[in-house]
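The values are calculated or read from the model by the stated rules, or taken from the named source; none is laboratory data. Keep in mind that this is a model prediction, so the values were computed, not measured. Cβ placement follows ideal geometry from the backbone for every residue including glycine, while neighbour counts extend to all protein chains displayed.
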Ligand code: AMP
Ligand code: GLY
């Protein structure tokens, strides 16, 4: 069969690479893809951007595409799955109504409250005066969030009341995020360790993917501005069986049940961003209606099952019996980003060393890259995610960094400490003897 992947980042490179390994798949189209997807066996890039849904539908029809997998949130929130389905095409992802869990933070916070799912205390505002009164009545830090999608930039963790007021003013009166910021959520700051808990659901049954964690801060020591993610690893060692069960029972299952009860059955990938507090209790920070980037890269390295088959089973509402196998080894992905990221990004710089012999446990996933003649050039903020498998996190980390060192580009930087928490936890476990 033929598959279409919508998107062009590192997540979509990893999805395309994995989908192409399925014996049932003859061809994987990626719209628009990048220089990395262009090189994969069985994979071809198509010059259609994700926002052009009618063109994607026409392409899928003309090329007898049997299954479409949507990578990014924006087309899901605008209803790509409904449009494909109405056109008689099979498309894996949540409907527009279900994707509101990511598309509207006020919807998702009210949903969490309605269903008694643990989350931060909050209120919603459309008027600046009321927002400022609320900020003055609460203790900092506070978190100010634009209601709609804002390309990952709509959240301000405000350490002082002044910063919270500034963020609210930027959104409600200075139009910083346009329509997406005309309604805001202000919530209490949750302290603890952040994890990504990613599942596939068919509307009723839930299949958790391997656990993962990413590093959102740009700089070493988890400092500096928030980014889409500077690296990720799987498994997240903090998620033991007891915590996994608690997250499923207290957060994931009530969410899937609640969405079904509200007439918005959730079919597709659900990514819950969670905070685990010091006493081990999980709270929901946010939902995403798609796989994480860069979490997908280490997760796909560990997935041994057939990805298109899992998507098919979710679409057919047969996920209850889905077989899923994981490589027992750990995977670590290190993002190489363009200088200036996340505020801006240099472009068109040649990347050297991509054809080095990295070995079969290393995969260099591309994100913002393009090919011009014989050269691969930088073409965006996050450029590569160098991902490696090894027996433990420390080994995978070392292998990933060895590969990073073989790649040269004067306009790329990366964090030197990806997976530090997990490495520390591994060391502690060995010393404690459990
Ligand atoms: P969101 O888009 O809601 O995930 O927010 C982006 C990032 O901001 C999250 O991944 C967290 O690192 C941080 N964040 C969001 N909400 C909170 C909160 N209530 N407490 C602490 N950190 C938060
Ligand atoms: N890595 C964070 C995200 O995909 O939202």
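See the values below:
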{"read-out": "Matching residues in the range 149-164 - criterion: being in a helix (DSSP H, G or I) and either in contact with a strand residue (DSSP E or B) (Cβ under 8 Å, 6 or more places away or on another chain) or within 11 Å of ligand 1 (Cβ to nearest atom) (or both)", "value": "161, 163, 164"}
{"read-out": "Selected residue [within 15 Å of ligand 2 (Cβ to nearest atom), under 23 Å from residue 412 (Cβ atoms) and in contact (Cβ under 8 Å) with a residue 12 or more places away in the chain] from 232, 236", "value": "232"}
{"read-out": "Flag if residue 350 is at pLDDT 95 or above and in contact with a helix residue (DSSP H, G or I) (Cβ under 7 Å, 6 or more places away or on another chain)", "value": "no"}
{"read-out": "Residues satisfying the stated conditions in the range 180-215, i.e. closer than 30 Å to residue 139 by Cα, under 19 Å from the mean Cα position of the chain (by Cα) and crowded, with 16+ Cβ neighbours inside 10 Å", "value": "194, 195, 196, 197, 213, 214, 215"}
{"read-out": "Complete set of residues in the range 268-281 that are within 13 Å of ligand 1 (Cβ to nearest atom) and farther than 25 Å from residue 327 by Cα", "value": "275, 276, 277"}
{"read-out": "Residue list for the range 229-242, filter: in contact with a strand residue (DSSP E or B) (Cβ under 7 Å, 6 or more places away or on another chain) and in a helix (DSSP H, G or I)", "value": "none"}
{"read-out": "Condition check for residue 217: within 16 Å of ligand 2 (Cβ to nearest atom) and within 15 Å of residue 393 (Cβ to Cβ)", "value": "no"}
{"read-out": "Residue 251 vs. criteria within 16 Å of ligand 2 (Cβ to nearest atom) and at pLDDT 95 or above", "value": "no"}
{"read-out": "Unmet requirement for residue 216, which otherwise passes all of (1) without any contact (Cβ under 8 Å) to a residue 40 or more places away in the chain; (2) more than 22 Å from residue 152 (Cβ to Cβ); (3) within 12 Å of ligand 1 (Cβ to nearest atom)", "value": "(2)"}
{"read-out": "Filter result (free of Cβ contacts under 8 Å to residues at least 24 places away in the same chain and closer than 18 Å to residue 377 by Cα) within the range 1-44", "value": "39"}
{"read-out": "Members of the range 267-280 that are more than 16 Å from ligand 2 (Cβ to nearest atom) and out of contact with any helix residue (DSSP H, G or I) (no Cβ under 8 Å at 6 or more places or on another chain)", "value": "277, 278, 279"}
{"read-out": "Tally of residues being assigned to a strand (DSSP E or B) and surrounded by fewer than 19 Cβ atoms within 10 Å (Cβ to Cβ) across the range 370-387", "value": "3"}
